[in-house]
Structure formats: C-alpha cells, structure tokens
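Below: one structure, written as structure tokens.
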Amino acid sequence: MERSFESAAALVGRTAGPVSEHLGSFVDLLIRQQFVAAVVYVKAMHAAAFDRWLAQHDVDSGRTQ
C-alpha cells in the first residue's frame, strides 16, 4: 500500500478495537501538524497494530457505560 494520507485514513477505517474511535483524530492531528505522508502512514500502521493487540488481549478503552 502506498504511504499516503489516504492510505493512513484507510488503515484507520479498518480498525475495530478499543481505541479505534480515536485513531482518526490522531491521524488528522498528525496531518494538521504537517507530518510527511509516509510518517503519518507508519504511525497509523503502528497505532492500528496496537489497537488489534489490545482487542486480542481483551483490553477495553476504559470507558464506562
């Protein structure tokens, strides 16, 4: 996958773990802070992997319902 802002957003769109609702804001913040697209993509990739790890280990986001 090409390392672009769009591909970073696509990675975020495929997350479903406990912090997935925050990853879009994280990527948006990196873009507003003028990080290079390749860096935003790599950070999104690592954040998505961490989100999957949390989900696999049944770690929730700490939200109260």
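Okay, residues lined up against (1) more than 19 Å from Arg3 (Cα to Cα); (2) out of contact with any strand residue (DSSP E or B) (no Cβ under 6 Å at 6 or more places or on another chain); (3) hydrophobic (A, V, I, L, M, F, W, C):
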residue	(1), (2), (3)
Pro18	yes, yes, no
Leu23	no, yes, yes
Asp28	no, yes, no
Arg32	no, yes, no
Phe35	no, yes, yes
Met45	no, yes, yes
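Filter segment 12-38 for residues that are assigned to a loop (DSSP other than H, G, I, E, B), farther than 20 Å from His57 by Cβ and of a type in the set (S, T, N, Q) and give the result.
Residues satisfying the conditions are Gln33, Gln34.
Can you find a residue that is open to solvent by 70 Å² or more (accessible area, probe 1.4 Å), within 18 Å of Leu54 (Cα to Cα) and under 10 Å from the mean Cα position of the chain (by Cα) anywhere in segment 3-11? Talk me through it step by step, then tell me what you get.
Within segment 3-11, the subset open to solvent by 70 Å² or more (accessible area, probe 1.4 Å) is 3, 5-6.
Right, trim to within 18 Å of Leu54 (Cα to Cα) and you get none.
No - not one qualifying residue is present in segment 3-11.
Only one residue in Ala49, Ala9, Ala55 is hydrophobic (A, V, I, L, M, F, W, C), at pLDDT 95 or above and part of a helix (DSSP H, G or I). Which one?
Ala49 is the lone residue from the list that is hydrophobic (A, V, I, L, M, F, W, C), at pLDDT 95 or above and part of a helix (DSSP H, G or I).
Does segment 29-48 hold any residues that are touching a helix residue (DSSP H, G or I) at 6+ places or on another chain (Cβ under 9 Å) and charged (D, E, K, R), and which are they? Outline the logic, then answer.
From segment 29-48, those touching a helix residue (DSSP H, G or I) at 6+ places or on another chain (Cβ under 9 Å) are 30-31, 35, 37, 39-45, 47-48; that's our starting set.
The answer is Lys43, and nothing else.
The values are calculated or read from the model by the stated rules, or taken from the named source; none is laboratory data. The shown structure was predicted, so the numbers you read here are calculated from the model rather than taken from an experiment. Every residue, glycine among them, receives a Cβ derived from its backbone with ideal geometry; neighbour counts consider all protein chains shown. Note: areas computed on protein heavy atoms with side chains; ligands, DNA, RNA excluded. Shrake-Rupley method; radii C 1.70, N 1.55, O 1.52, S 1.80 Å.
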